[in-house]
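The structure appears right after this line, and notes come after that.
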Amino acid sequence: MVGLPVELPVQTKMSVVVAPNPFSDFTQLYFESDEDLSDVIVHIYNASGSIVKSYQLPQAEKTMLTIRKSDLGAAGIYSFILQRESNVLRSGKLVCN
């Protein structure tokens, strides 16, 4: 059987630190990667699974994103997903008091 070569995706080395978590007024997500992050989008989801906010990261290998309670709308537990095209790079939880 003859087929086309398949290029497997290269795993991106990335670290994400969320501090403070839980938070009352705001939290900050610190990103560091071995690649440019300009095509990465951060989606914030509420407990129902709806996107409440999305952020486009700037062109950099290190960056910080501030998320305010007022951006989310209410206290609760939120999920965040870092996505490049259809690939999820990282995910985590945010706890807003």
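The values are calculated or read from the model by the stated rules, or taken from the named source; none is laboratory data. Since this is a predicted model, take the numbers as computed values, not measurements. Cβ placement follows ideal geometry from the backbone for every residue including glycine, while neighbour counts extend to all protein chains displayed.
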Matching residues in the stretch 27-53 (exposed (fewer than 13 other Cβ atoms within 10 Å of the Cβ), over 15 Å from R90 (Cα atoms) and touching a strand residue (DSSP E or B) at 6+ places or on another chain (Cβ under 7 Å)) number 2
By residue number, the members of the stretch 61-92 that are among the polar types (S, T, N, Q), without any contact (Cβ under 8 Å) to a residue 40 or more places away in the chain and more than 17 Å from E32 (Cα to Cα) are S70, S79, S86
Within the stretch 1-23, the count of residues that are more than 16 Å from the chain's Cα centre (by Cα), at pLDDT 95 or above and loosely packed, with under 13 Cβ neighbours inside 10 Å comes to 0
The residue that is surrounded by the most Cβ atoms within 10 Å (Cβ to Cβ), considering only those in the stretch 54-83 that are of a type in the set (K, R) and at pLDDT 90 or above, is K69
